[in-house]
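Peer 1: Handing you this structure, nothing more for now.
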Amino acid sequence: MERAEAYGFSGAMSGSFLLSCLLFAAVSRRQRGPYMDEVFHVPQAQAYCQGRFLQWDPMITTLPGLYLLSVGLVKPAAWLLGWTGSVVCSVGMLRFINLLFSAGNFYLLYLLLFKIHQKNKAVSGFQRILLALTLATFPTLYFFTFLYYTDPGSVFFTLFSYLMCLYGNHKTSALLGFCGFMFRQTNIVWTVFCAGNVVAEKLNEAWKIELQKKKDEKISSRKGSFSDLTRILHFLVEYLLSPKNLVTLTALTWPYIILVSLFFVFVFINGGIVVGDRSSHEACLHFPQLFYFLSFTIFFSFPHLLTPTKIRKFLLSLRKHPVQYGLVSVICLLLIWKFTYVHKYLLADNRHYTFYVWRKVFQRHELVKYLLVPFYLFAGWSFADTLKSKSIFWILMYFVCLLAVTVPQKLLEFRYFILPFLIYRLNIPFLSLYRQLLELAFYILVNAITFYLFLNRTFQWENSDEVQRFMW
């Protein structure tokens with residue numbers, strides 16, 4: 001990092017942390033007590049603070065990583081600073097831990113951008129800092145910086161694990177992946193993603209050698225047609241069936257293999273992936289979740305995905321391959337028809353934005369969910385088009401992880417999309433400075449509206465005296 005870039009990054013990080021502290025104070029003044037899921041998280045952390053480690057709230061569905069780390073941070077700080085009484089493990093103190101995670105995420109996002117795009121000399125230090133700032137203020141993640149939720153810590157350990165994987169520190173990466181798993185069980189998918197990065201790199205090397213032997217074109221020019229995909233799949237099967245290759249891959253990924261094996265042991269002993277309240281978190285094949293994720297991504301990345309050039313290219317592709325798009329459309333319609341699930345929380349809780357998205361869009365008419373298929377096709381095509389700089393094996397690996405982390409979820413919840421979105425955004429090419437600034441301005445606007453609604457547009461339910469607030 002050059003000196004000017006280092007100063008710029010330090011200034012951006014310090015400024016954003018200061019503004020976050022001011023916003024944190026405003027949120028803490030308006031909402032002093034636990035809100036929403038904090039009602040479960042805060043008392044559980046406070047029980048751990050008091051040494052009651054066997055106490056467990058059966059409504060909590062995640063492992064105790066957040067509470068253990070909170071005690072590990074707050075208790076030493078309280079001892080050093082001489083804090084006693086209610087201030088130790090208070091709601092504000094526990095929430096502040098996520099503010100620290102937010103600063104850590106900013107730094108990790110910058111380091112990941114630096115590592116992933118290090119070969120692109122056209123990217124300036126200012127652009128890296130700007131994009132790191134943009135992703136650090138990603139609205140769905142940034143909002144939960146100010147509440148005691150698992151999301152900031154879950155993202156921190158997953159991004160840290162990914163960074164260590166890219167630098168080849170796989171034992172450290174697996175250990176950090178375990179920490180991420182302790183925050184949220186579905187993060188095991190991103191441990192598989194880290195292992196998949198290693199496998200994809202070896203596959204890409206072998207594939208390039210294979211093409212060179214046959215005097216074919218470069219791998220990047222071979223993407224697109226069905227025959228090319230068939231050829232790649234045949235190569236993939238042949239490579240993975242070779243004992244020599246399997247030994248090599250196992251030697252490279254054994255830390256991840258151990259962690260995934262421990263995960264399956266946990267699932268067997270626990271009787272499922274969810275701890276606590278399982279009745280509201282049943283796994284199912286909810287394929288339209290992929291379509292919701294693509295819509296979510298195109299909304300938050302519209303400067304990259306929803307451009308006139310993209311639309312023209314998509315229409316040309318549609319004209320060239322009408323049969324393929326027709327077949328994909330039929331498959332999408334069948335998946336929506338047979339695999340759409342509506343969780344009871346989605347219909348009942350009017351504090352979440354998803355409640356209004358579902359009511360204002362999907363509940364307008366029974367046919368709306370089918371009429372959105374052309375938009376899903378464009379979103380999917382545009383999404384995949386921005387990843388074409390990555391190897392075909394990386395893309396296949398990412399999509400497998402994307403399906404694994406989204407499809408089994410019955411509840412439409414934007415928080416489940418945070419990690420797949422961030423990993424996607426980290427890996428697509430940098431665009432013009434103007435589009436980056438537009439994206440940052442959009443995130444600031446969405447955050448401003450979100451916090452305004454949360455802090456000022458309160459309401460009450462008929463059967464409750466508690467103040468209710470709008471949130472993600």
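The values are calculated or read from the model by the stated rules, or taken from the named source; none is laboratory data. Given the structure is predicted, the values throughout are model-derived calculations rather than measurements. Reconstructed Cβ throughout: ideal geometry from the backbone, glycine too, with neighbour counts over all protein chains shown. Areas reflect the complete protein model, heavy atoms only, side chains present, ligands, DNA and RNA absent. Shrake-Rupley method; radii C 1.70, N 1.55, O 1.52, S 1.80 Å.
Peer 1: Take T450 and decide whether it is surrounded by 17 or more Cβ atoms within 10 Å (Cβ to Cβ) and in contact with a strand residue (DSSP E or B) (Cβ under 8 Å, 6 or more places away or on another chain). Write out each step before concluding.
Peer 2: On the way: surrounded by 17 or more Cβ atoms within 10 Å (Cβ to Cβ): yes; in contact with a strand residue (DSSP E or B) (Cβ under 8 Å, 6 or more places away or on another chain): yes.
For T450, the condition - surrounded by 17 or more Cβ atoms within 10 Å (Cβ to Cβ) and in contact with a strand residue (DSSP E or B) (Cβ under 8 Å, 6 or more places away or on another chain) - is met.
Peer 1: Let me ask something additional. Residue by residue through the range 384-439, note down the ones that are open to solvent by 30 Å² or more (accessible area, probe 1.4 Å), over 16 Å from the mean Cα position of the chain (by Cα) and of a type in the set (S, T, Y).
Peer 2: S389, S432, Y434
Peer 1: In the range 453-464, how many residues are open to solvent by 60 Å² or more (accessible area, probe 1.4 Å) and either part of a helix (DSSP H, G or I) or basic (K, R) (or both)?
Peer 2: So the first thing to find is which residues in the range 453-464 are open to solvent by 60 Å² or more (accessible area, probe 1.4 Å), and the list is 456-458, 460-463.
Then drop every residue that is not either part of a helix (DSSP H, G or I) or basic (K, R) (or both), which leaves 456-457.
Number satisfying all stated conditions: 2.
Peer 1: Exactly one condition in (1) open to solvent by 60 Å² or more (accessible area, probe 1.4 Å); (2) more than 21 Å from V274 (Cα to Cα); (3) out of contact with any helix residue (DSSP H, G or I) (no Cβ under 6 Å at 6 or more places or on another chain) is false for R30; which is it?
Peer 2: For R30, the exception is condition (3).
Peer 1: Being closer than 23 Å to F355 by Cβ, in contact (Cβ under 8 Å) with a residue 24 or more places away in the chain and among the aliphatic types (A, V, I, L, M) is the filter here; which residues of the range 420-458 pass it?
Peer 2: Correct list: V446, L455.
Peer 1: Also, quick follow-up: Can you run down the residue pairs with Cβ atoms below 8 Å, 6 or more apart or on separate chains, where the first is in the range 119-130 and farther than 14 Å from P429 by Cβ and the partner is open to solvent by 90 Å² or more (accessible area, probe 1.4 Å)?
Peer 2: Going by the 8 Å Cβ cut-off, the qualifying pairs are G125/M1; G125/E2.
Peer 1: Still on this model: Among L431, L372, L396, L377, which is the only one that is within 30 Å of P322 (Cβ to Cβ) and in contact with a His (Cβ under 8 Å, 6 or more places away or on another chain)?
Peer 2: None of the others qualify; the one that does is L431.
Peer 1: I'd like to know if the range 241-259 contains one or more residues that are more than 28 Å from Q55 (Cβ to Cβ), modelled with pLDDT under 90 and assigned to a loop (DSSP other than H, G, I, E, B).
Peer 2: Checked the range 241-259: at least one residue is more than 28 Å from Q55 (Cβ to Cβ), modelled with pLDDT under 90 and assigned to a loop (DSSP other than H, G, I, E, B).
Peer 1: Which of the helices (runs of 4 or more DSSP H) found entirely inside the range 321-400 contain at least 2 residues meeting this: touching a residue at least 60 places away in the same chain (Cβ under 8 Å) and of a type outside the set (F, W, Y)? Quick ask: steps written out before the conclusion?
Peer 2: Numbers: elements: 322-339, 344-348, 353-357, 368-371, 373-385.
Those helices (runs of 4 or more DSSP H) span 344-348, 373-385.
Peer 1: From the list D216, D228, exactly one residue is open to solvent by less than 30 Å² (accessible area, probe 1.4 Å), of a type in the set (D, E, K, R) and either part of a helix (DSSP H, G or I) or at pLDDT below 90 (or both). Which is it?
Peer 2: On the way: D216 fails: open to solvent by less than 30 Å² (accessible area, probe 1.4 Å).
Result: D228 is the single residue among D216, D228 that is open to solvent by less than 30 Å² (accessible area, probe 1.4 Å), of a type in the set (D, E, K, R) and either part of a helix (DSSP H, G or I) or at pLDDT below 90 (or both).
Peer 1: Output yes when any residue across the range 131-145 is out of contact with any Ser or Thr (no Cβ under 8 Å at 6 or more places or on another chain), part of a helix (DSSP H, G or I), open to solvent by 20 Å² or more (accessible area, probe 1.4 Å) and more than 17 Å from H41 (Cα to Cα), and no when none is.
Peer 2: no
Peer 1: Please go through the range 156-199 and pick out each residue that is buried (at least 22 other Cβ atoms within 10 Å of the Cβ), more than 17 Å from L63 (Cβ to Cβ) and of a type in the set (G, A, S).
Peer 2: S173, A195, G196
Peer 1: Can F9 be described as open to solvent by less than 30 Å² (accessible area, probe 1.4 Å) and either within 16 Å of L100 (Cβ to Cβ) or modelled with pLDDT of 95 or more (or both)? Please lay out each step first, then the result.
Peer 2: Working: open to solvent by less than 30 Å² (accessible area, probe 1.4 Å): yes; either within 16 Å of L100 (Cβ to Cβ) or modelled with pLDDT of 95 or more (or both): no.
So F9 fails the test.
Peer 1: Could you please let me know if F302 is touching a Ser or Thr at 6+ places or on another chain (Cβ under 8 Å) and open to solvent by 40 Å² or more (accessible area, probe 1.4 Å)? Before you say what the answer is, go through the steps one by one.
Peer 2: Values: touching a Ser or Thr at 6+ places or on another chain (Cβ under 8 Å): no; open to solvent by 40 Å² or more (accessible area, probe 1.4 Å): yes.
In short, no.
Peer 1: Going through the range 35-71 one residue at a time, which ones are open to solvent by 50 Å² or more (accessible area, probe 1.4 Å) and over 25 Å from the mean Cα position of the chain (by Cα)?
Peer 2: P43, Q46, Q50, R52, F53, L54, Q55, W56, P58
Peer 1: Consider S86 carefully, then state whether it is over 21 Å from P152 (Cα atoms) and of a type outside the set (F, W, Y). Can you show your working first?
Peer 2: Details: over 21 Å from P152 (Cα atoms): yes; of a type outside the set (F, W, Y): yes.
When the stated conditions are applied, S86 passes them.
Peer 1: Restricting to the range 200-213, and then to whatever is among the basic types (K, R) and free of Cβ contacts under 8 Å to residues at least 24 places away in the same chain, can you tell me which residue is surrounded by the fewest Cβ atoms within 10 Å (Cβ to Cβ)? Steps first, answer last, please.
Peer 2: First pass over the range 200-213, keeping only residues among the basic types (K, R): 202, 208, 213.
This time we only want the ones that are free of Cβ contacts under 8 Å to residues at least 24 places away in the same chain, so: 208, 213.
Values: K208: 14, K213: 8.
The extreme case among them is K213.
Peer 1: Taking the range 102-130 only, how many residues are farther than 11 Å from F9 by Cα and either of a type in the set (D, E, K, R) or open to solvent by less than 30 Å² (accessible area, probe 1.4 Å) (or both)?
Peer 2: Counting residues in the range 102-130 that are farther than 11 Å from F9 by Cα and either of a type in the set (D, E, K, R) or open to solvent by less than 30 Å² (accessible area, probe 1.4 Å) (or both) gives 13.
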